[in-house]
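Since the structure comes first, as structure tokens, the remarks are kept for the end.
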Amino acid sequence: MSDLVGSLTTELRITGRIFRETGMGLKRTGLMNIIIVVIMASILSIFGALLAVIIEMGVLVQNLGSEVEISVYIKDEANTQQVRDEIMKLPHIKKLTLISKEKAWAEMQKEYPLPDVENPLPDTIHMQMTSEKHILTTVEKLKSLPGVETLQYPKEVLDKISKITQGASIVGMSVSFILAMLTMFIINNTIHLLIQNKRREIEILRMMGVGNWYIRLPFLLQGALYGVVSALVACGAVYFAVEFLNQVFITFQLQTNESTSNIVYIILVLMGLLVGGGGAAIAVRKYLQV
Amino acid sequence: MIQFVDTSMRYDNCVALHNVDFEIEMGEFVFFVGPSGAGKSTIMKLIYREEKATSGKVLVGRIDVAKLSGHEVPKLRRRMGIVFQDFKLLPGQSAFDNVAYVLRALGVSPTEIRKRVLGALKVVGLIEKVDATPEELSGGEQQRVGIARAIVNGPAIVIADEPTGNLDPDSSLEIMNLLQQINRRGTTVLVSTHNHQIVNQMRKRVIALKSGEIVSDIPDGAYFINE
Ligand SMILES: Nc1ncnc2c1ncn2[C@@H]1O[C@H](COP(=O)(O)OP(=O)(O)OP(=O)(O)O)[C@@H](O)[C@H]1O
Ligand SMILES: [Mg+2]
């Protein structure tokens, strides 16, 4: 029992020393700390803003998509009820209304002075999907139904929307990737310099049998710390950007999604950790043989 | 016990050791001598597993050090104390902090650190200079701090590669006497050196190397090799 307590306090002391070494590394890095955090926070802010826009656009498209109406015209000879039941079996339907040709014709006659000819209209089903992404698959399935004469939906609008989202995602992600690489490069260089600066300490520790992780961890922690601090700054920037966006959106009667910012915050912190810790890890791997 | 069994070491295009065989008992004091490039440092690096032999074996306490994992090498080194030619002290830090540095990294308690560091500094005769930084110490005194650091963890083996290479003759003799004193307390001591005079004077076991091979191994030897 006292053995356990003893080894636990030893571990605690070692942990304390590792944090101290990290602190000393930060002190030695000096002004460069601030430069790194400013650069990294800027980059993460850009990334966060892009991400928020992309996610918001996705939400917007989904909302738009669920408003899009598919009109299904049913063959004259088909049994309308049967066709409707069959369509109802399809997944992701938000809303479905059947308008009989008699009803449609009556309404048309009410609005326009039409001559008294035989009713030329087909039975029609109007339907909305839960999301934009289900429209095309549903359209394909509808086309293959025997009772369906033809159908109509705003194809071009949907195509354009999905192209814009895709384009924004690709551009946004490539820009972010390049910026992330740049940040990693800067951190990698900083940690490399620090490793050179601490060469003597490292050599002493190695030769005297201090564990490899004790030597490596302060560098990794330093990189990770840059990531987290920068990410928190970037979260602040994104927060204000979203607030601003909401002000603008109010005039268009739109609203940003609350969960969007939360997702962005989480991704920013993870990205910061990955890029910061990753940059340091590359330097440690490359320049610190233990 | 340290044992080299038919050990060879080659760097990219040069043979540093060629089929070397020897055995050192615990508690021995051994000099390694020989001209520059003979392989002295290579032998020491093989013992503390800074390098791995390209063929043959290096056994330390019956353990084949080549088979140690990256995790086990530090454990091996904790049973050794290494003394450097250029002292490798941390500038601006007191003798005490220099000796305590590794103990702190190992998580030893402050009271224990104090006890052990002062004990080690007493052994090397620097107890009144605990607060002096390397800049305030002579070369010989700096090497004493280096030796205190090497023995502070109570190692079974002390390895000193040219410990007096940067020192004047008087300080060199003092350092060698100090190593001998440490050896008398039961610690195995391995020293490589170019200092003929001291080797001839101390009458210890001398392993002489030339071009990576052992040319003589004499129990109470003198330094016969002409460089
Ligand atoms: N890292 C290395 N890479 C390539 N060759 C090396 C390396 N280290 C040592 N050697 C070569 O191995 C041979 C033995 O070197 P070693 O350092 O063991 O000699 P030494 O006896 O310690 O010499 P000195 O008295 O000058 O310190 C030399 O020819 C040297 O050039
Ligand atoms: Mg050498």
Determine whether residue B:41 is within 14 Å of another protein chain (Cβ to nearest Cβ), of a type outside the set (A, V, I, L, M), touching a residue at least 40 places away in the same chain (Cβ under 8 Å) and within 13 Å of ligand 1 (Cβ to nearest atom). yes
Answer yes if at least one residue in segment B:78-89 is more than 16 Å from ligand 2 (Cβ to nearest atom), open to solvent by 10 Å² or more (accessible area, probe 1.4 Å) and more than 25 Å from residue B:187 (Cβ to Cβ), and no otherwise. no
Within the bounds of segment B:190-197, is there any residue that is of a type outside the set (Asp, Glu), more than 16 Å from ligand 1 (Cβ to nearest atom) and more than 14 Å from chain A (Cβ to nearest Cβ)? yes
Top-ranked residue in segment B:90-104 [being open to solvent by less than 10 Å² (accessible area, probe 1.4 Å) and more than 10 Å from chain A (Cβ to nearest Cβ); ranked as farthest from ligand 1 (Cβ to nearest atom)]: B:100
Out of the residues in segment B:183-209 meeting the condition of being open to solvent by 20 Å² or more (accessible area, probe 1.4 Å) and within 17 Å of residue B:41 (Cβ to Cβ), tell me which one is farthest from ligand 2 (Cβ to nearest atom). B:195
Residue B:35: passes all of (1) more than 17 Å from the chain's Cα centre (by Cα); (2) within 14 Å of chain A (Cβ to nearest Cβ); (3) within 11 Å of ligand 1 (Cβ to nearest atom) but (2)
Can you name every one of the helices (runs of 4 or more DSSP H) wholly within segment A:84-201 that holds 3 or more residues which are under 23 Å from the mean Cα position of the chain (by Cα)? A:155-197
When you go through (1) free of Cβ contacts under 8 Å to residues at least 24 places away in the same chain; (2) part of a helix (DSSP H, G or I); (3) among the aliphatic types (A, V, I, L, M) one by one for residue A:210, which number turns out not to apply? (2)
Would you mind finding the one in A:183, A:190, A:251 that is among the hydroxyl-bearing types (Ser, Thr, Tyr), away from chain B (no Cβ under 14 Å) and either closer than 24 Å to residue B:72 by Cα or open to solvent by 60 Å² or more (accessible area, probe 1.4 Å) (or both)? A:251
Check whether at least one residue in segment B:54-68 is on the phi > 0 side of the Ramachandran plot, touching a helix residue (DSSP H, G or I) at 6+ places or on another chain (Cβ under 9 Å) and open to solvent by 50 Å² or more (accessible area, probe 1.4 Å), and report yes or no. no
Output for segment B:16-31, where each listed residue is at negative phi and more than 8 Å from ligand 1 (Cβ to nearest atom): B:18, B:20, B:21, B:22, B:23, B:24, B:25, B:26, B:28, B:29, B:30, B:31
Looking at residue B:124, is it open to solvent by less than 10 Å² (accessible area, probe 1.4 Å), within 16 Å of ligand 1 (Cβ to nearest atom) and over 20 Å from residue B:9 (Cβ atoms)? no
Unmet criterion (only one of (1) open to solvent by 20 Å² or more (accessible area, probe 1.4 Å); (2) among the β-branched types (Val, Ile, Thr); (3) more than 14 Å from chain B (Cβ to nearest Cβ)) for residue A:10: (3)
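The values are calculated or read from the model by the stated rules, or taken from the named source; none is laboratory data. Since this is a predicted model, take the numbers as computed values, not measurements. All Cβ positions, glycine included, derive from the backbone under ideal geometry; neighbour counts span all protein chains shown. With ligands, DNA and RNA removed, areas are computed over all heavy atoms of the protein, side chains included. Shrake-Rupley method; radii C 1.70, N 1.55, O 1.52, S 1.80 Å.
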